[in-house]
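The values are calculated or read from the model by the stated rules, or taken from the named source; none is laboratory data. Quantities reported herein were computed from a predicted structural model and do not represent experimental measurements. Positions of Cβ are generated from backbone atoms using ideal geometry, with glycine treated the same way; all protein chains shown enter the neighbour counts. Ligands, DNA and RNA are excluded from the accessible area calculation, which covers all protein heavy atoms including side chains. Shrake-Rupley method; radii C 1.70, N 1.55, O 1.52, S 1.80 Å.
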Amino acid sequence: MERNYSNAERAEVLTQALPHIQKYTGKIVVIKYGGNAMVNPGIRQQVMEDMVLLRLVGVKVVLVHGGGPEINRLMNALGKQPEFVNGLRVTDQETMDIVQMVLAGKINKTLVGLIGARGGRAIGLSGLDDKLIEAEMKDPALGYVGEVTHVHVESVLDLLDRGYIPVISTIGCGHDGTVYNINGDTAAACLAGALHAERLIMMTDVAGILQNPKDPTTLIPEVSVEEAQEMLASGFLSGGMIPKVECCIRAIREGVSRVIIMDGTVPHAILMELLTHEGAGTMVGKGHTDA
């Protein structure tokens, strides 16, 4: 049953949020958006509302999105079987055309429209625009999968200064104009690092790093880069958490203050992380004293 809050309780919530708003006003927060948070219409609406609210109180929000399930659906409709190696999509030229169509076209512009419908100002970009994400072929066996070599953030900074929310699809370009499919987590980490973001929020389908992967109550709220490296080296992490933690470490090394891995399917998880004392998910930082 939905609880009815008094005006005094609502005012108390806003008052508690004030120091957090002051902390992030004028700072850059990069949000990596994907998974079930993107598929579920209700959660998608809440994510857009969270970003619009943050922008209205002065937080400079950058949205980086993937779109794997949508790409798979279109590939299946065209009679093409998706193939993955170590979590990376094998991308021949036909698949690359599909990836570009879905990410830079349908999904990117849909998200821009949703933000606009909630009163925000958003402009969609891909890694091709103004050579935002430069890349080279990662492994010939994977086809047109790119390794990020450079990020040009001038256009993103200009949009942020003008009050827009940049919405960025994760495709990149080579020096010769070749288009590459870029892993979403990697692209977000590189962009956040180049922007010297205060926070990188990586929305996933799990609560964060768990002591017991089968028990969401065993969430580890904070780890240092050194501890994260030990987790990787010891085999403590498994599955999709391995590349996410690797991207967290990369982002910190490239200039991000802190990175959050959190469950994007929790209602208003972004606001809970940024504007409450408790936060959400697992925070990765340089050390426990930097929080």
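Checked against (1) closer than 18 Å to residue 269 by Cα; (2) without any contact (Cβ under 8 Å) to a residue 40 or more places away in the chain, residue 232 passes all but condition (1).
In summary, residue 204 fulfils each of the numbered conditions (1) modelled with pLDDT of 95 or more; (2) surrounded by 21 or more Cβ atoms within 10 Å (Cβ to Cβ) with the single exception of condition (1). Among residues of segment 23-42 being open to solvent by 20 Å² or more (accessible area, probe 1.4 Å) and assigned to a helix (DSSP H, G or I), the one that is farthest from residue 66 (Cα to Cα) is 23. Does segment 98-112 contain at least one residue that is modelled with pLDDT of 95 or more, among the aliphatic types (A, V, I, L, M) and not in a helix (DSSP H, G or I)? No, the conditions are met nowhere in segment 98-112. Here residue 271 clears all of (1) closer than 22 Å to residue 25 by Cα; (2) of a type outside the set (Gly, Ala, Ser); (3) open to solvent by less than 10 Å² (accessible area, probe 1.4 Å) except the condition numbered (3). Hey, any hits in segment 53-68 for a residue that's over 23 Å from residue 195 (Cβ atoms) and crowded, with 16+ Cβ neighbours inside 10 Å? Checking segment 53-68: at least one residue is over 23 Å from residue 195 (Cβ atoms) and crowded, with 16+ Cβ neighbours inside 10 Å. Filter segment 237-257 down to the residues that are at pLDDT below 90, outside any helix (DSSP H, G or I) and at negative phi, then identify the one that is surrounded by the fewest Cβ atoms within 10 Å (Cβ to Cβ). So the residue we want is 238. Take residue 179 and tell me if it is in contact (Cβ under 8 Å) with a residue 40 or more places away in the chain, among the hydrophobic types (A, V, I, L, M, F, W, C) and open to solvent by less than 20 Å² (accessible area, probe 1.4 Å). For residue 179, the condition - in contact (Cβ under 8 Å) with a residue 40 or more places away in the chain, among the hydrophobic types (A, V, I, L, M, F, W, C) and open to solvent by less than 20 Å² (accessible area, probe 1.4 Å) - is not met.
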